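Novice: Can you keep this structure in mind? I'll have questions shortly.
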Amino acid sequence: MLPAARALFRPVRGRLTAYSLAVLFAVLAIAVRFAADHLLPPGFPFLTFFPAVIIAAFIGGRGPGALCAAISFFASWFYFIPPFESFELSVPVATALLFFTAVVVVDIWLIDGLQQRQARLEENQHQLAAMADQQTLLFKELQHRVANNLASVSSMLRLQRRQIERDPASAMRILESADSRIELMGRVHRQLYDPAASELALPEQIENVVRHAQDVAAASHVTIEVNAVNARIAVDRMMTLMLLVTEVLNNSIKHAFVAGEPGEVRLTLERSGNSRLRLTIADNGKGFDPASGNEAPRHRGLGTTIIKGFVSQLGGEVTTDSSNGVTTVVEFPEDAD
């Protein structure tokens with residue numbers, strides 16, 4: 001619809017202004033009808049009032065249109081329907097007044113319907129424009145995040161390539177580990193960027209990621225207990241947090257327990273004050289290798305390097321304790337509101 005037509009269908013702002021204009025149009029219709037009275041043959045009492053009602057309804061809406069129609073109704077009855085200057089009612093007079101009433105009711109109803117439809121169309125246009133802007137923004141953000149995730153995969157593969165160069169015999173094991181990590185990253189990525197899951201609270205997101213980690217590692221024998229607060233974490237940082245969780249869990253699943261034997265892992269996310277969060281992942285496994293001290297393979301391999309990288313991306317610090325199994329504690333800042 002052209003801008004001029006849109007303006008015509010849009011009621012004026014302000015109820016007082018709209019009703020004042022309705023009264024003005026009714027008065028003008030009366031004045032014009034008086035001025036043209038000598039030019040018109042008998043039987044045209046409503047000639048100038050129909051346009052006044054239509055214009056009032058267009059400009060002011062249903063209420064002002066009805067007010068203009070009411071004024072016009074009584075003015076035409078009193079001044080222009082014989083016997084003049086009286087409200088005498090007869091069958092012909094009643095018929096004429098009913099005709100006028102029916103016409104203006106239909107006019108106001110049609111105009112009001114057109115205006116409401118126009119308002120809905122404009123609202124839909126605004127919503128579509130907002131959705132288009134949002135989709136563009138989301139697409140750009142998704143491109144950025146996918147690029148970051150691919151960069152993470154590339155860095156991980158470079159680290160594993162160095163491991164293969166140092167120990168070619170471990171190539172198959174390292175490639176299987178890389179495959180599991182990439183599959184898990186893909187699952188986490190799909191979960192976090194799925195519109196259907198965008199409304200899930202953080203504890204539910206973590207529980208879903210934990211299930212993915214168990215599925216990929218085929219670790220149904222390990223019980224993982226999750227207790228997390230619903231913290232404020234942006235989606236890009238949440239991706240890093242979830243990958244950190246999966247890496248620490250994977251470390252515990254692979255190294256803490258003898259294959260096939262049951263084990264337990266407790267994951268806790270809590271606030272630690274000063275707008276910071278504390279992630280604790282503790283297993284009841286075998287801990288460090290006593291023969292190797294704190295430099296056991298479990299805590300000096302690729303997994304540890306990846307964990308430290310994720311912790312750095314979160315802006316946090318990580319500590320480990322092996323007094324009873326292995327406990328990994330990561331403290332990092334919570335996002336502002």
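The values are calculated or read from the model by the stated rules, or taken from the named source; none is laboratory data. What you are looking at is a predicted structure, and each value in this text was computed from that prediction instead of being measured. Here the Cβ is made from the backbone with ideal geometry for all residues, glycine too, and neighbour counts use every protein chain on show. Quick note on the areas: whole protein, heavy atoms, side chains included, nothing else; ligands and nucleic acids left out. Shrake-Rupley method; radii C 1.70, N 1.55, O 1.52, S 1.80 Å.
Novice: Please count how many residues of segment 263-277 are open to solvent by 80 Å² or more (accessible area, probe 1.4 Å) and either at pLDDT 85 or above or within 14 Å of Gln313 (Cα to Cα) (or both).
Specialist: To start, the set of residues in segment 263-277 that are open to solvent by 80 Å² or more (accessible area, probe 1.4 Å) comprises 264, 266, 271, 274.
Subset that is either at pLDDT 85 or above or within 14 Å of Gln313 (Cα to Cα) (or both): 264, 266, 271.
Matching residues across segment 263-277 total 3.
Novice: Scan segment 307-327 for residues that are at pLDDT 90 or above, β-branched (Val, Ile, Thr) and within 23 Å of Ala234 (Cα to Cα) and jot them down.
Specialist: Those that are at pLDDT 90 or above, β-branched (Val, Ile, Thr) and within 23 Å of Ala234 (Cα to Cα): Val311, Val318.
Novice: Now for a different question. Under 6 Å between Cβ atoms, which residue pairs at least 6 apart in sequence (or on different chains) link something in segment 225-245 that is within 12 Å of Ile206 (Cα to Cα) and free of Cβ contacts under 8 Å to residues at least 60 places away in the same chain with a partner that is of a type in the set (Val, Ile, Thr) and not in a helix (DSSP H, G or I)?
Specialist: Asn227/Thr268
This table checks each residue for (1) farther than 18 Å from Gln115 by Cα; (2) open to solvent by 80 Å² or more (accessible area, probe 1.4 Å); (3) at pLDDT 90 or above; (4) of a type in the set (Gly, Ala, Ser).
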| position | (1), (2), (3), (4) |
| --- | --- |
| Ala29 | yes, no, yes, yes |
| Gly43 | yes, no, no, yes |
| Phe50 | yes, no, yes, no |
| Trp77 | yes, no, yes, no |
| Phe99 | yes, yes, yes, no |
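Novice: Does segment 308-337 hold any residues that are of a type in the set (A, V, I, L, M, F, W, C) and within 35 Å of the chain's Cα centre (by Cα), and which are they? So that I can check it myself, show each step before the final result.
Specialist: First, pick out the residues of segment 308-337 that are of a type in the set (A, V, I, L, M, F, W, C): 310-311, 314, 318, 326, 329-330, 332, 336.
Hits for segment 308-337 are Phe310, Val311, Leu314, Val318, Val329, Val330, Phe332, Ala336.
Novice: If you don't mind, there's one more thing I want to ask. Let me spell it out: the conditions are (1) of a type outside the set (A, V, I, L, M, F, W, C); (2) within 27 Å of Arg271 (Cα to Cα); (3) touching a Lys or Arg at 6+ places or on another chain (Cβ under 9 Å), and Gln191 meets all of them except one. Which number is the exception?
Specialist: Condition not satisfied by Gln191: (3).
Novice: State yes or no: is Ser180 of a type in the set (Ser, Thr, Tyr) and in a helix (DSSP H, G or I)? Working first, answer last.
Specialist: Numbers: of a type in the set (Ser, Thr, Tyr): yes; in a helix (DSSP H, G or I): yes.
In short, yes.
Novice: Can you run down the residue pairs with Cβ atoms below 6 Å, 6 or more apart or on separate chains, where the first is in segment 309-337 and part of a helix (DSSP H, G or I) and the partner is buried (at least 19 other Cβ atoms within 10 Å of the Cβ)?
Specialist: The qualifying pairs are Phe310/Thr240; Phe310/Leu243; Phe310/Leu244; Val311/Val318; Val311/Val330; Gln313/Thr240; Leu314/Thr240; Leu314/Phe332.
Novice: While we're on this one: Just for segment 249-261: of the residues that are open to solvent by 10 Å² or more (accessible area, probe 1.4 Å) and assigned to a helix (DSSP H, G or I), which one is farthest from Ala213 (Cα to Cα)?
Specialist: Looking at the filtered set, the residue picked out is His255.
Novice: Is one or more of the residues making up segment 112-133 in contact with a Gly (Cβ under 8 Å, 6 or more places away or on another chain), touching a residue at least 12 places away in the same chain (Cβ under 8 Å) and more than 25 Å from Gly186 (Cβ to Cβ)?
Specialist: yes
Novice: Additional query: Quick check on segment 288-306. Is at least one of its residues at pLDDT 85 or above, surrounded by 15 or more Cβ atoms within 10 Å (Cβ to Cβ) and of a type outside the set (Asp, Glu)? Walk me through it before giving the result.
Specialist: Step one: of segment 288-306, the residues at pLDDT 85 or above are none.
No, every residue in segment 288-306 fails to be at pLDDT 85 or above, surrounded by 15 or more Cβ atoms within 10 Å (Cβ to Cβ) and of a type outside the set (Asp, Glu).
Novice: Between Thr240, Thr246, which is assigned to a helix (DSSP H, G or I), touching a Phe, Trp or Tyr at 6+ places or on another chain (Cβ under 7 Å), polar (S, T, N, Q) and surrounded by 15 or more Cβ atoms within 10 Å (Cβ to Cβ)?
Specialist: Among Thr240, Thr246, only Thr240 is assigned to a helix (DSSP H, G or I), touching a Phe, Trp or Tyr at 6+ places or on another chain (Cβ under 7 Å), polar (S, T, N, Q) and surrounded by 15 or more Cβ atoms within 10 Å (Cβ to Cβ).
Novice: Would you check if there is a residue in segment 144-152 being at pLDDT below 80, open to solvent by 50 Å² or more (accessible area, probe 1.4 Å) and not aliphatic (A, V, I, L, M)?
Specialist: yes
Novice: In segment 180-214, how many residues are of a type outside the set (Val, Ile, Thr) and in contact with a helix residue (DSSP H, G or I) (Cβ under 8 Å, 6 or more places away or on another chain)? Full working, then the answer.
Specialist: Taking segment 180-214 as the starting set, the residues that turn out to be of a type outside the set (Val, Ile, Thr) are 180-181, 183-187, 189-205, 207-208, 211-214.
Remaining after also requiring in contact with a helix residue (DSSP H, G or I) (Cβ under 8 Å, 6 or more places away or on another chain): 180-181, 183-185, 187, 189, 191-193, 197, 200, 202, 205, 208, 212-214.
So the answer is 18.
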